[in-house]
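The values are calculated or read from the model by the stated rules, or taken from the named source; none is laboratory data. Computed from a predicted model, the values in this text were never measured in an experiment. Don't worry about glycine lacking a Cβ; one is built from the backbone with ideal geometry, like all the others, and counts go over all protein chains shown.
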Amino acid sequence: MTTTSPPPRQVILGVARSDAHAVANHLIAMRLRESGFTVTNLGVCTPLEEFAEAHTAHPDAEAVIIGSLNGHAYEDLRDLPALRSAGLLQVPVIVGGNLSVGSKKSDRDHERLYELGVDYILGDAEQLPLLLDLLRAEARPPLSRV
Amino acid sequence: MTTTSPPPRQVILGVARSDAHAVANHLIAMRLRESGFTVTNLGVCTPLEEFAEAHTAHPDAEAVIIGSLNGHAYEDLRDLPALRSAGLLQVPVIVGGNLSVGSKKSDRDHERLYELGVDYILGDAEQLPLLLDLLRAEARPPLSRV
Amino acid sequence: MSEIPGLRIERRVAAALPPWPDIVAWLRRTDKPTVAAVLAAADRRGVPVVQPRCGVGDHERMRELLQAIEAEGRPSVLTLTIDSYTRLKHFRSAAEALRRDPAGLNGYPLVAHGWRRGRDLDASVRAPLQVRHGSPDGRELFAVTLAAGITSFEGGGLSYNLPYSKNVPLAVSLEAWRQIDAVCGILADEGVPIDREMFGSLTGVLVPPAISLAVCLLEACSAAAEGVRCVSIAYPQGGEVHQDVAALRAIRSLAAKYLPERVAVYPVLHTFMGVFPRTTATADALIHYAGLTARLGGAVKVINKTNQEAYGIPDAATNALGVRTTAMAFTPFLDFVTVDEVRVEEERYWIEREVAELVDPVLDQADGQRISAAVEKAFADGRLDIPFSASVHARAEVMPRRDAGGGVRYQNYGRLPFSRATRRRNEQCLRGAPGGDRLIEAVTADINYFLAFDRHQDGDDHANS
Amino acid sequence: MSEIPGLRIERRVAAALPPWPDIVAWLRRTDKPTVAAVLAAADRRGVPVVQPRCGVGDHERMRELLQAIEAEGRPSVLTLTIDSYTRLKHFRSAAEALRRDPAGLNGYPLVAHGWRRGRDLDASVRAPLQVRHGSPDGRELFAVTLAAGITSFEGGGLSYNLPYSKNVPLAVSLEAWRQIDAVCGILADEGVPIDREMFGSLTGVLVPPAISLAVCLLEACSAAAEGVRCVSIAYPQGGEVHQDVAALRAIRSLAAKYLPERVAVYPVLHTFMGVFPRTTATADALIHYAGLTARLGGAVKVINKTNQEAYGIPDAATNALGVRTTAMAFTPFLDFVTVDEVRVEEERYWIEREVAELVDPVLDQADGQRISAAVEKAFADGRLDIPFSASVHARAEVMPRRDAGGGVRYQNYGRLPFSRATRRRNEQCLRGAPGGDRLIEAVTADINYFLAFDRHQDGDDHANS
Ligand code: B12
Ligand code: B12
């Protein structure tokens, strides 16, 4: 008796437009692949349009996962509402990293990203597989935010 | 032909009532003696009354020189007006050291000591012989303050 | 519209510059020492210069920041750290962000502000300035830097490409930086030495010393070929003092071997560039340790970090404290501190040997011509490589590990052409390295090496303070 | 009205105290470690405790000061530094000054505030407290200290007399401290160890190590005879690292030689107690150097200084920074730092020998009885002596000098009964000492030794900042 393995789970990964921090991106890709995901890793310095193009190319991707460490998350994701209005990136967008400039952080840092349409902000990249599993388990209407 | 040496010049030296800092006192006494003064050194922790008694015992003393390093100069010299009213310590009182508590100093530190009747405040003990010479050169009405 | 000799830059930027003779005349003014002069003096005195990183978007804030750090920290060289948009030549994005929310920029957008404001910043402090950035193609920024009268410009065609961008071909970045170096050569002939610092820190995370030095030496060779006379070679503190001291000392001997005599070469230490400890106490101790390492290694300059590194761009007071904590290591009171010279010499032997094994084949291939093509080919082949490359133009097949003492070694060589002796010694070093079963766990632990020291401290996690 | 067993104190103070059983019960509470327990743990761990000095007149300000230093500096033991009036038993002056101008007091007048407020302070911070003062006769203060639940009390009949008062006979101070030690003995039997720190810093200025250690050992012998079980022996950093490390290490061997086994003895380093450098940079470097000295010497505690020492009583932030700068020296990153053991051993041999030459004749004379009479006689004869004594009860005939390397030696022995070998070696050390023609110039230069290091620094004189 043979079982067919389940179809691979797709995710799109990358780092925000102005951000060249690569190490977390390398490690997150490795970890997701270890957890059985097929990762389309767009790497560092990736404009939002390229995430949208990748999603168009991989419509079954479960999420678009964007890292931002250099403090420019908001500025780099500014076009998200416009792309969404244009019908693109209709997929959960997960963001993580160091999301504002300066060593004192405030609640506004996250709020304003949610206002742009970011769906989930994760502190810890380790939580990604868990979040992706939860997203799949739920019907599409997103969970209450993390 | 013989010359008689001039009579020795007297000063009274000591450290304020609550203050036990001895090193500057030792060195100032040594230096004044080297400069030819006869020093009555009352040492550390000397109440103002004892300076007054010493002055009564040595009425020809040119000055009463009081060090204060522990920050209590004002509190320790509080009785100066009372003693002066009682006719005591009718002699220039010279004060030096670290004259207030704390590492930020203000002009008030000196002003309030002058208000008590301190005649001279010197920053540098090296200046003592010079000041004493000036005091002797002048007629008694004190110089403008240093 | 200005023509800087041989520097091809965007018209909009060129149009705003003063004439080249004015730029040169302004650079020649003598009210301030050049960075090169400050480094030469520090080298003679034997006391390293400390230099903070600093950059904020708004001009007034930037001036205040420089002045505050100078007042409280007294660094001998100050920095304009440039924002990420400008680095990537997104000059329009930089200008927009500056208009919309200057505090949201992670550096000073010098091209957007323009050279007059650069001069204003330069005039506002006593220390000379360096522009630090991370531009695969820094030509426009360089033009504005010169016009601002700034005499030190960091970067190179490799070290400011591979860690700082995704897909700029090496040929492009090497040519851009060749043009920059050629202008420096012209200025050197004019009597204005521009200090060119090579960013040996690369991706900052577990960079094997020989890789850092090899990349910098190749950049320095190119720079020297274009007439550059003052080269700072930066090495990132790894955290194992014998290896770090050896690497710093190796810079001088390698420079003597690979670079013409007339080039002044200064070893620079970058205080630990990887994942920084989070407790104030451990961060401060690491910052001081870097200073001590610099002192023992004969560095001429240290680029300090701050105890807010793990959290975000630091405030002025914290930055000044970082400068002071570093400089504290240069006190004569520590004259008694020595390092095990035998261990240092052993490390140095192997570092110099590894560098030769990486660099010599490339230089042989270049055969006295411009080395850019040979370098490009070596990266394409993986004979040169860097770990965790941000750019697709390095293979990132090399994988570092820490040995039991914290020294940075090779877990995988990728395609680096190391000799059998080098490999044997590397494997010896790694024997007994704390291993997880899985490489990724082990490497992650190595990346987070200094976080383990936080645990010795009270939990004075800055986040909770 | 309380009776503390055998402690004769002023009625007014006694009247305000809780009953002795309540005092003991309160001292026994276990919500906070005793200072003795903190020291024992530090000794086991091999990482010294850092403790700041701090005291202001007003109670609320004092609580805020303790809390601020604890939050920013995280010392393991905190201090109530007592004002000068209270030290001299001018309790009325202290109370008046407290009423008139609390900010004008140079410490916390604990007797005037009373034991309830002492408990309030103790409850306001996590670290246990020590009372540091300088009272030739500290009995009233000790009574209030115990009632406040504080488990460490500094001082002794010699070290808190000679530097701290003009004319208190040694017989008086020794008897006062004998009573204090006897109470500690009773408490030790009750299971409450009170840490008793001997103030080896004396006049803080150029104290030859053997004099410091001899005085402390004699005090420790007296204390041990009264049943004290926890003794901290403090040594003031002189600034020459080999001599200082040797002195700290000698404390342990001398304690083994002169004190009963059941007494726990902890070497304590006082960060340089003399004329402090004025520039922030040199002051910070000296503070860190003290930490490193403590580490190398195996000290269990360091009492830190701050970079405002030359100016006046420091503010809380500066004090916390002093704690952190000291603690920075205990980082594992500095595990590689060693000291020339041969030089240390040589210094240690001579320190131990000098101590024996000072202490043994006194102990021989005491012949197993209470040593106070023999000690008194020795000071009267000048066979024991301290430089720059504030008290007329030491002859102050001994005159120290620094040798060319900064070590503290003897210019004049006064009447100290040193052997010919000791003198010969001392004179050898002084050969080549930078000499003025006049002794006073030379000694003044030695007193101001660390000011010379300010000149290496930019003139960041705090006064101008
Ligand atoms: C190494 C490093 C670099 C290297 C990067 C090399 C490379 N190409 O990768 C170099 C030296 C080149 C560099 C450059 C710069 N850096 Co940098 N860098 C660091 C440093 C020291 C470590 C980052 C790192 O690699 N960590 C290791 C990885 C594994 O962890 P991580 O990145 O922290 O990611 C963790 C979490 O953030 C999270 N996470 C990360 N990504 C994602 C994504 C998702 C989806 C999720 C859920 C979670 C997640 O999970 C990870 C694992 O726990 C940090 C400070 C620090 N942490 O100590 C600064 C830091 C991130 N850099 C910073 C900055 C600003 C820059 C620069 C802009 C220069 C500047 N102005 O100072 C440039 C970047 C230029 C550009 N175009 O972006 C700032 C960001 C400031 C802020 N936000 O306020 C930091 C915090 C330093 C600081 N205190 O100023 N940097
Ligand atoms: C050594 C020292 C001690 C020794 C003193 C030993 C002794 N018996 O002599 C010890 C350790 C015992 C000690 C104790 C205390 N000290 Co103390 N001590 C010092 C220290 C480190 C050096 C003083 C010294 O001897 N200098 C050497 C001599 C030659 O110089 P000098 O005293 O500075 O004097 C110069 C000038 O002030 C001036 N001068 C001095 N006297 C006079 C007099 C005249 C007439 C003139 C014209 C000039 C003059 O000329 C001198 C030569 O240039 C200073 C800080 C520093 N400077 O680094 C603190 C310092 C003076 N001490 C201080 C204090 C507060 C105390 C204590 C009260 C404890 C406490 N609360 O911290 C106790 C004193 C108890 C008491 N009853 O007074 C404070 C004063 C604080 C303030 N004003 O804000 C200082 C500044 C330390 C500090 N930053 O907190 N101390």
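D:Arg99 versus (1) among the charged types (D, E, K, R); (2) without any contact (Cβ under 8 Å) to a residue 60 or more places away in the chain; (3) away from chain B (no Cβ under 12 Å): which is the lone unmet condition? That leaves (3) as the condition not met.
Could you please let me know if A:Leu89 is more than 27 Å from C:Ile386 (Cα to Cα), away from ligand 2 (no atom under 16 Å from the Cβ) and of a type outside the set (Lys, Arg)?
In short, yes.
Selection of region C:280-320 for residues being within 10 Å of chain D (Cβ to nearest Cβ) and more than 13 Å from ligand 1 (Cβ to nearest atom) yields C:Thr280, C:Ala281, C:Asp284, C:Ala285, C:His288, C:Tyr289, C:Ala290, C:Leu292, C:Thr293, C:Leu296.
Among the residues of region C:429-458, those that are at pLDDT 95 or above, surrounded by 17 or more Cβ atoms within 10 Å (Cβ to Cβ) and either part of a loop (DSSP other than H, G, I, E, B) or at positive phi (or both) comprise C:Tyr449, C:Phe450.
Kindly provide the set of residues from region C:353-377 that are in a helix (DSSP H, G or I), in contact with a helix residue (DSSP H, G or I) (Cβ under 9 Å, 6 or more places away or on another chain) and under 26 Å from C:Arg249 (Cβ atoms), ordered by number. I'd like the intermediate steps shown before the answer.
Step one: filter region C:353-377 for residues in a helix (DSSP H, G or I), giving C:353-366, C:372-377.
With the extra rule that they be in contact with a helix residue (DSSP H, G or I) (Cβ under 9 Å, 6 or more places away or on another chain), the set shrinks to C:353-359, C:361-366, C:372-377.
If the condition is that a residue be in a helix (DSSP H, G or I), in contact with a helix residue (DSSP H, G or I) (Cβ under 9 Å, 6 or more places away or on another chain) and under 26 Å from C:Arg249 (Cβ atoms), then C:Arg353, C:Glu354, C:Val355, C:Ala356, C:Glu357, C:Leu358, C:Val359, C:Pro361, C:Val362, C:Leu363, C:Asp364, C:Val375 are the ones that fit.
Based on this model, can you work out whether C:Ala224 counts as aliphatic (A, V, I, L, M), more than 14 Å from chain D (Cβ to nearest Cβ) and surrounded by fewer than 24 Cβ atoms within 10 Å (Cβ to Cβ)? Against the criterion (aliphatic (A, V, I, L, M), more than 14 Å from chain D (Cβ to nearest Cβ) and surrounded by fewer than 24 Cβ atoms within 10 Å (Cβ to Cβ)), C:Ala224 qualifies.
Selection within region C:388-415: residues that are within 14 Å of chain A (Cβ to nearest Cβ) and part of a strand (DSSP E or B). The member of this set that is nearest to C:Leu451 (Cα to Cα) is C:Pro400.
Residue by residue, here is whether (1) within 14 Å of chain B (Cβ to nearest Cβ); (2) within 16 Å of ligand 2 (Cβ to nearest atom); (3) crowded, with 24+ Cβ neighbours inside 10 Å holds:
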| residue | (1), (2), (3) |
| --- | --- |
| D:Ala182 | no, no, no |
| D:Gly185 | no, no, no |
| D:Cys216 | no, yes, yes |
| D:Cys230 | no, no, yes |
| D:Gln237 | no, yes, yes |
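In region C:325-378, what residues are of a type in the set (Val, Ile, Thr) and closer than 21 Å to C:Ala256 by Cβ? The answer is C:Val344, C:Ile351, C:Val355, C:Val359, C:Val362, C:Ile371. The C-beta contact set for region C:246-271 (first residue outside the structural domain of C:Gly368 (by TED's automatic domain parsing), second residue aromatic (Phe, Trp, Tyr), distance under 8 angstrom, 6+ apart or interchain) comprises C:Ala247/C:Tyr235; C:Leu248/C:Tyr235; C:Ile251/C:Tyr235; C:Pro267/C:Tyr235; C:Val268/C:Tyr235; C:Leu269/C:Tyr235; C:His270/C:Tyr235.
For every residue, the table says whether it meets (1) within 10 Å of ligand 2 (Cβ to nearest atom); (2) basic (Lys, Arg); (3) away from every other protein chain (no Cβ under 14 Å); (4) more than 12 Å from the chain's Cα centre (by Cα).
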{"position": "B:His21", "(1), (2), (3), (4)": "yes, no, no, yes"}
{"position": "B:Cys45", "(1), (2), (3), (4)": "yes, no, no, yes"}
{"position": "B:Ile65", "(1), (2), (3), (4)": "yes, no, yes, no"}
{"position": "B:Leu77", "(1), (2), (3), (4)": "no, no, no, no"}
{"position": "B:Leu83", "(1), (2), (3), (4)": "no, no, yes, yes"}
{"position": "B:Asn98", "(1), (2), (3), (4)": "yes, no, no, yes"}
{"position": "B:Leu113", "(1), (2), (3), (4)": "no, no, no, yes"}
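Scan the helices (runs of 4 or more DSSP H) fully inside region A:48-146 and keep the ones with 1 or more residues being more than 15 Å from ligand 1 (Cβ to nearest atom) and under 19 Å from A:Ala20 (Cβ atoms).
Details: elements: A:48-57, A:73-76, A:80-85, A:107-116, A:128-137.
Passing ranges, in order: A:48-57.
For region D:204-214, name all the residues that are within 28 Å of D:Val38 (Cα to Cα) and either within 10 Å of ligand 2 (Cβ to nearest atom) or not hydrophobic (A, V, I, L, M, F, W, C) (or both). The answer is D:Gly204, D:Pro209, D:Ser212. When region D:369-396 is filtered for residues that are of a type in the set (D, E, K, R) and over 15 Å from D:Val207 (Cβ atoms), the ones remaining, listed by number, are D:Arg370, D:Glu376, D:Lys377, D:Asp381, D:Arg383, D:Arg395. Would region D:169-180 turn up any residue that is surrounded by fewer than 23 Cβ atoms within 10 Å (Cβ to Cβ), of a type in the set (A, V, I, L, M) and more than 14 Å from every other protein chain (Cβ to nearest Cβ)? There is at least one residue in region D:169-180 that is surrounded by fewer than 23 Cβ atoms within 10 Å (Cβ to Cβ), of a type in the set (A, V, I, L, M) and more than 14 Å from every other protein chain (Cβ to nearest Cβ).
Among the residues of region B:1-19, what is the count of those that are closer than 24 Å to B:Glu75 by Cα and more than 7 Å from chain D (Cβ to nearest Cβ)?
Filtering region B:1-19 down to residues closer than 24 Å to B:Glu75 by Cα leaves B:11-19.
After this cut, where a residue has to be more than 7 Å from chain D (Cβ to nearest Cβ) as well, the list is B:11-17.
Residues that pass the stated criteria total 7.
Restricting region D:300-348 to residues that are in contact (Cβ under 8 Å) with a residue 60 or more places away in the chain and of a type in the set (Gly, Ala, Ser), which is surrounded by the most Cβ atoms within 10 Å (Cβ to Cβ)? Checking each candidate, the answer is D:Gly322.
So if I check each of A:Arg17, A:Arg31, which one is of a type outside the set (Gly, Ala, Ser), away from ligand 2 (no atom under 16 Å from the Cβ) and either in contact with a Leu (Cβ under 6 Å, 6 or more places away or on another chain) or part of a helix (DSSP H, G or I) (or both)?
Values: A:Arg17 fails: either in contact with a Leu (Cβ under 6 Å, 6 or more places away or on another chain) or part of a helix (DSSP H, G or I) (or both).
Matching residue, one of A:Arg17, A:Arg31: A:Arg31.
For region D:237-262, the set of residues classified as under 28 Å from D:Asp446 (Cβ atoms) and assigned to a loop (DSSP other than H, G, I, E, B) consists of D:Gln237, D:Gly238, D:Gly239, D:Glu240, listed by residue number.
Can you name the residue in region D:1-29 that is among the hydrophobic types (A, V, I, L, M, F, W, C) and in a loop (DSSP other than H, G, I, E, B) and is also surrounded by the fewest Cβ atoms within 10 Å (Cβ to Cβ) among such residues? For region D:1-29, the residue satisfying everything is D:Met1. Scan region D:113-136 for residues that are more than 10 Å from chain B (Cβ to nearest Cβ) and within 15 Å of ligand 2 (Cβ to nearest atom) and the total you get is 5. For B:Asp107, the requirement of being modelled with pLDDT under 95, charged (D, E, K, R) and either exposed (fewer than 12 other Cβ atoms within 10 Å of the Cβ) or within 11 Å of ligand 2 (Cβ to nearest atom) (or both) is not met.
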